[in-house]
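Chemist: Got a structure here, written out as structure tokens. Questions coming.
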Amino acid sequence: MWKSNPDGGPERLTALADGVFAIAITLLVLDFYVPRGLDDAHYHDALHELIPNLGAYALTVLVLGAFWREHRRIFRLVRQIDGQVITLSIMGLGVAALLPFPTKLIAEYGREAESVASYAGAVAALGAAHLALILVLARRPWLRYGAEPPEGFRLFALDLAMTVLVFALSVPLALAIGSTAMWFWLVLAPIKVTLGRRAARSR
């Protein structure tokens, strides 16, 4: 059984997370390139070819930004960390750093089922790591401020659980119906709006 030995405050871990998310977002723009010396026709063709990259970039910035925001919200309630909190955080950050790769896949091969499945699987894995982190913190009051898990923890867990569920389900859905499965991700929009309103009322 994993022993929980407090290992100091969360400051260095949150600083590491800030850096990883910032680098991951920066890596998304490295593939944006327009060759020099093009005439008008080829220049406009090159810009048109960048549209899928811009769409994938916007999607992943939204995803990474949301996870970074939730990570910071979670750690505002954390007083100390232990080995398992560190491990789960590193696992999540590893997936966050990997996300530019499936982003490139859906930008360049977005019609391939495997590209959509890879992206959905990466997002589901990132959400699962954060969800596991919340559940660990909820069961270890000595790592938190306050004896009882705050309402925010429950809403974080529910929000992440829905994210993991939707993206995990879209993996086999993508393999079955192809890139159309990406439309399934839109079901998260009303869910997150509803949970956001509940979170605002609970503060």
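The values are calculated or read from the model by the stated rules, or taken from the named source; none is laboratory data. As the structure is a prediction and not an experimental result, all values here were calculated from the model. Cβ: placed from backbone, ideal geometry, glycine included. Neighbour counts: every protein chain shown. Accessible surface areas use protein heavy atoms only, side chains included; no ligands, DNA or RNA. Shrake-Rupley method; radii C 1.70, N 1.55, O 1.52, S 1.80 Å.
Chemist: Which number in (1) open to solvent by less than 40 Å² (accessible area, probe 1.4 Å); (2) in contact (Cβ under 8 Å) with a residue 24 or more places away in the chain; (3) in a helix (DSSP H, G or I) marks the one condition that residue 114 misses?
Modeler: The single condition residue 114 does not satisfy is (1).
Every residue, every condition in (1) farther than 22 Å from residue 30 by Cα; (2) more than 15 Å from the chain's Cα centre (by Cα); (3) not in a helix (DSSP H, G or I), yes or no:
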| residue | (1), (2), (3) |
| --- | --- |
| 52 | no, yes, no |
| 101 | no, no, no |
| 118 | no, no, no |
| 127 | yes, no, no |
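Chemist: Confirm whether residue 50 is modelled with pLDDT under 90, surrounded by 15 or more Cβ atoms within 10 Å (Cβ to Cβ) and on the phi < 0 side of the Ramachandran plot. Give the steps one after another, and end with the answer.
Modeler: Values: modelled with pLDDT under 90: yes; surrounded by 15 or more Cβ atoms within 10 Å (Cβ to Cβ): yes; on the phi < 0 side of the Ramachandran plot: yes.
Yes.
Chemist: Something else about it: Looking at segment 14-30, which of its residues are in a helix (DSSP H, G or I) and either under 11 Å from residue 71 (Cβ atoms) or open to solvent by less than 70 Å² (accessible area, probe 1.4 Å) (or both)?
Modeler: Filtering segment 14-30 down to residues in a helix (DSSP H, G or I) leaves 14-27.
Hits for segment 14-30 are 14, 15, 16, 17, 18, 19, 20, 21, 22, 24, 25.
Chemist: Condition first: open to solvent by less than 30 Å² (accessible area, probe 1.4 Å) and of a type in the set (Phe, Trp, Tyr). Now tell me which residues in segment 53-104 satisfy that.
Modeler: Answer for segment 53-104, where residues must be open to solvent by less than 30 Å² (accessible area, probe 1.4 Å) and of a type in the set (Phe, Trp, Tyr): 67, 75.
Chemist: Shifting gears a bit: Out of (1) within 26 Å of residue 189 (Cα to Cα); (2) in contact (Cβ under 8 Å) with a residue 24 or more places away in the chain, what's the single condition that is false for residue 80?
Modeler: (1)
Chemist: Oh, and also: If residue 131 passes every condition in (1) in contact (Cβ under 8 Å) with a residue 60 or more places away in the chain; (2) assigned to a helix (DSSP H, G or I) but one, which one does it miss?
Modeler: Residue 131 satisfies all of (1) in contact (Cβ under 8 Å) with a residue 60 or more places away in the chain; (2) assigned to a helix (DSSP H, G or I) except (1).
Chemist: Same structure, new question: Would segment 3-11 turn up any residue that is at pLDDT 90 or above and open to solvent by 40 Å² or more (accessible area, probe 1.4 Å)?
Modeler: Looking for residues that are at pLDDT 90 or above and open to solvent by 40 Å² or more (accessible area, probe 1.4 Å), one finds at least one in segment 3-11, hence yes.
Chemist: Of all residues in segment 31-47 being open to solvent by 60 Å² or more (accessible area, probe 1.4 Å), without any contact (Cβ under 8 Å) to a residue 40 or more places away in the chain and under 27 Å from residue 97 (Cβ atoms), which is farthest from the chain's Cα centre (by Cα)?
Modeler: For segment 31-47, the residue satisfying everything is 33.
Chemist: Take the residues in segment 167-184 that are touching a residue at least 40 places away in the same chain (Cβ under 8 Å) and buried (at least 17 other Cβ atoms within 10 Å of the Cβ), then tell me which one is farthest from residue 71 (Cα to Cα).
Modeler: Applying the filter and picking the extreme gives 178.
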